[in-house]
Amino acid sequence: MNFDQLSSLRPDLAFIAHWVRGESQVLDLGCGDGVMLDYLQSDKQCAGYGVEIDDAKIPVCVARGVSVIQQDMEAGLNLFADNAFDTVLCLSALQMMKNVEGVLRDIARVGREAIVSFPNFAYWPHRVALLRGRMPVSKSLPYEWYDTPNLRCATIKDFEELANEVGLEVLECVALHDGQPISVLPNWRGSLAVFRFRKK
């Protein structure tokens with residue numbers, strides 16, 4: 001998979017990919033269909049593993065040539081040694097975790113750096129939906145309240161506070177919308193929050 005193909009499929013992943021160094025060791029938690037690792041392996045010569053719990057996604061990863069481990073990441077990452085990876089990715093999966101703090105500590109343990117992304121609950125259409133008395137449904141939060149896999153709703157400012165409490169040093173924070181960085185009023189206009197961090 002090349003960059004144009006990734007940009008067409010997932011512009012958010014295309015932006016995030018520029019933070020991943022070529023020829024590095026990568027762990028992709030909640031890797032889904034493996035599209036990010038497929039790109040990183042073929043275009044940036046990275047190596048590593050995906051971790052995914054969904055039965056249906058495993059054969060898709062394998063067909064892409066992605067080495068995938070079927071596991072619930074909340075069960076811990078004991079398979080991996082401290083600092084086993086240059087970069088750990090957890091993209092649009094953190095909001096589905098029950099124990100966000102524990103997952104973040106595990107991510108910081110096994111990776112020298114990490115990148116997480118999650119829907120920004122403070123994105124202005126979400127705020128408007130709440131003002132109208134409804135739970136937000138959008139491109140970044142596409143589920144109804146009764147069928148959403150999302151357990152946690154956070155904003156950019158919420159994550160900054162938690163990162164500090166968990167002992168993480170935020171290296172970069174970007175708000176994206178349709179894969180494009182938002183520099184003006186990012187907590188208001190960005191639909192997806194992306195953080196790059198490491199353990200302090």
Filtered residues of the stretch 30-53 (kept if open to solvent by less than 60 Å² (accessible area, probe 1.4 Å) and over 18 Å from L6 (Cα atoms)) | G48, V51, E52
Does C61 qualify as being open to solvent by less than 10 Å² (accessible area, probe 1.4 Å) and not in a helix (DSSP H, G or I)?
-> no
Please specify each residue of the stretch 58-76 satisfying the condition of being farther than 26 Å from K98 by Cβ and either out of contact with any helix residue (DSSP H, G or I) (no Cβ under 6 Å at 6 or more places or on another chain) or of a type in the set (F, W, Y) (or both).
-> P59, V62, A63, G65, S67
Do we find that L77 is at pLDDT below 95 and either open to solvent by 10 Å² or more (accessible area, probe 1.4 Å) or of a type outside the set (K, R) (or both) in this structure?
-> yes
Report, ordered by the first and then the second residue, all pairs with beta carbons closer than 6 Å, sequence separation of six or more or different chains, a first member in the stretch 1-22 that is more than 12 Å from D38 (Cα to Cα), and a second member that is of a type in the set (S, T, Y) and outside any helix (DSSP H, G or I).
-> V20/T87
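The values are calculated or read from the model by the stated rules, or taken from the named source; none is laboratory data. Every value quoted in this text rests on a predicted model; they were computed, and no experiment measured them. Note that each Cβ is placed from the backbone with ideal geometry, even for glycine, and that neighbours are counted across all protein chains shown. SASA here: full protein model, heavy atoms, side chains in, ligands and nucleic acids out. Shrake-Rupley method; radii C 1.70, N 1.55, O 1.52, S 1.80 Å.
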